[in-house]
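Working notes, structure below.
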Amino acid sequence: MTRAVVTGNQAAGHALVAAGEANRAARGCGGGCYPITPQTEIIETVMAARFSKGSFVAVESEHSAMAVCIGASLAGARSFTASSSNGLLYMAENVFAAGLARLPIVMVVSNRTIGPPWNIWADHGDSLALRDAPWLQLYCDSHQDLVDTTLLAFRVAEDTRVLLPAMVTQDGFLLSHTSMVCDLPSQDLVDSYLPPLDLALRARANHPRTYGQMMSPRETQRHREEIQAAMERAPEVLDEAGAEFARVFGRRPRGAFEAERTADADTVLIASGTSVSTLRSVVEARRSAGEKVGLVQLKLFRPFLRDELVRAIGGAKRVAVLDRDHSPGSGGIMWNEIATSLRERPDVLLQGYIVGLGGGEVDPPLIELVLDDLAGRERADAPVFFPQELT
């Protein structure tokens with residue numbers, strides 16, 4: 001293990017390259033690469049790597065980048081790429097194709113606001129726009145979390161009980177371009193953690209296959225049912241992958257979600273990404289002042305763990321969801337999922353707050369305002385843009 005000061009993009013690039021090299025005894029690695037701010041350094045790292053067995057193609061668009069990943073994966077290679085914002089949306093057709101084909105591709109997304117009007121800073125609207133694609137989605141809160149989660153993603157996606165692609169996200173600039181001390185795993189440790197990939201569905205010269213053929217309505221429904229079942233198995237596989245990670249690397253990575261100080265909490269904050277670190281400091285300050293405030297970090301967004309979330313909230317009567325996204329005509333995307341999860345808890349006042357859009361600050365004063373607003377409410381309203389003086 002090497003301890004180094006790295007940016008989020010460097011951390012993600014290191015993990016991707018190590019994962020690709022770990023498959024050299026099998027079919028190697030491959031994929032397509034196209035630059036877009038703020039993830040460009042990730043694919044530059046991948047393109048500069050000298051793999052024992054592997055090839056990455058500099059293509060003309062994000063759509064083609066995922067097309068190359070699909071081809072590499074069908075050939076049995078460990079496949080990965082990175083994207084962001086409008087580039088991710090341009091890739092959307094093939095994002096769905098990769099998921100529906102059950103290809104265990106891993107993609108790092110540097111979350112960035114969708115334009116126009118153009119904005120290069122972070123919110124989660126780009127990856128969440130693809131929430132109905134059959135991909136696992138994991139949201140990271142630190143450089144170390146990004147490295148660990150990227151390796152976990154390969155282990156889970158390639159497990160035969162899952163066989164679905166995985167999207168690992170980091171907040172653009174807040175992680176991608178800031179530097180932190182990070183433990184970067186050596187190649188031998190990654191080799192020990194990621195077994196050689198042997199895709200049963202891969203193309204073979206002596207065994208012709210047809211991919212993406214027409215299906216009847218009944219076959220289509222069965223296909224979707226199989227994807228749903230795979231999604232439902234993913235949390236257990238993630239737990240197993242975390243335990244194996246701890247055995248190999250000597251530390252336990254963050255799980256599907258983390259509940260902190262919720263056992264006796266009467267108020268709970270829920271968030272994803274880098275906002276969690278800020279919330280954590282405010283929760284500790286409020287606890288020191290005698291207030292029973294807790295925190296839930298949603299790391300795994302797809303599949304969404306409804307029952308586990310309800311248990312994590314416990315007996316809390318007031319819950320604030322901080323969404324760094326906006327679904328027009330609906331509100332916050334996480335808030336929608338959580339409201340559905342709490343449908344049998346009418347005793348909970350659940351309020352959604354839309355914060356940090358376009359890279360706006362989610363700092364301690366803002367969290368204090370959220371907590372004060374939540375405490376003063378007699379009933380919940382539709383999700384509100386916050387702070388309201390900006391609207």
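The values are calculated or read from the model by the stated rules, or taken from the named source; none is laboratory data. Just so we're clear, the structure is a prediction, and the values are computed from it rather than from any experiment. So basically every Cβ, Gly included, is an ideal-geometry build from the backbone, and we count neighbours across all protein chains shown. With ligands, DNA and RNA removed, areas are computed over all heavy atoms of the protein, side chains included. Shrake-Rupley method; radii C 1.70, N 1.55, O 1.52, S 1.80 Å.
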Tally the residues that are in contact with a helix residue (DSSP H, G or I) (Cβ under 7 Å, 6 or more places away or on another chain) and not β-branched (Val, Ile, Thr), restricting the search to region 207-241.
5
Go through the residues of region 243-251 one by one and say whether even a single one is modelled with pLDDT under 95 and in a helix (DSSP H, G or I).
no
Specify which of the listed residues (52, 84, 79, 73) is among the hydroxyl-bearing types (Ser, Thr, Tyr), touching a Gly at 6+ places or on another chain (Cβ under 6 Å) and either under 12 Å from residue 108 (Cα atoms) or modelled with pLDDT of 95 or more (or both).
79
1 or more residues in contact (Cβ under 8 Å) with a residue 24 or more places away in the chain and closer than 20 Å to residue 136 by Cβ: qualifying strands (runs of 3 or more DSSP E) within region 1-105:
29-33, 78-83
Failed criterion for residue 130 (all others in (1) in contact (Cβ under 8 Å) with a residue 60 or more places away in the chain; (2) assigned to a loop (DSSP other than H, G, I, E, B); (3) open to solvent by less than 10 Å² (accessible area, probe 1.4 Å) hold):
(1)
Among residues belonging to region 344-391 that are among the small types (Gly, Ala, Ser) and under 27 Å from the mean Cα position of the chain (by Cα), point out the one that is farthest from residue 38 (Cα to Cα).
382
Suppose the filter is modelled with pLDDT of 95 or more and crowded, with 23+ Cβ neighbours inside 10 Å; does residue 348 pass it?
no
Any idea which residue in region 102-122 is most open to solvent (accessible area, probe 1.4 Å), counting only those that are farther than 18 Å from residue 17 by Cβ and of a type in the set (A, V, I, L, M, F, W, C)?
118
Note down all Cβ pairs under 9 Å where the first residue falls in region 250-277 and is more than 15 Å from residue 374 (Cβ to Cβ), the second is open to solvent by 20 Å² or more (accessible area, probe 1.4 Å) and basic (Lys, Arg), and they're at least six residues apart or on different chains.
259/311; 260/280; 261/287; 261/292; 264/292
Given the residues 168, 181, 190, which is the only one that is over 23 Å from residue 123 (Cβ atoms) and open to solvent by less than 10 Å² (accessible area, probe 1.4 Å)?
190
Mind listing whichever residues of region 23-78 are in contact with a strand residue (DSSP E or B) (Cβ under 9 Å, 6 or more places away or on another chain), charged (D, E, K, R) and open to solvent by 40 Å² or more (accessible area, probe 1.4 Å)?
24, 27, 41, 44, 53
Given the criterion under 30 Å from residue 191 (Cβ atoms), modelled with pLDDT of 95 or more and of a type in the set (D, E, K, R), identify the matching residue among 291, 240, 258, 284.
240
Can you confirm whether region 212-224 contains a residue that is within 26 Å of the chain's Cα centre (by Cα) and surrounded by 11 or more Cβ atoms within 10 Å (Cβ to Cβ)?
yes
Among residues of region 354-391, those that are in a loop (DSSP other than H, G, I, E, B) and open to solvent by 80 Å² or more (accessible area, probe 1.4 Å), counted:
4
Between a residue in region 218-240 that is part of a helix (DSSP H, G or I) and any residue that is of a type in the set (Lys, Arg) and open to solvent by 80 Å² or more (accessible area, probe 1.4 Å), which pairs come within a Cβ distance under 9 Å, given they are 6 or more apart or on different chains?
230/161; 233/161; 234/161; 236/161; 237/161
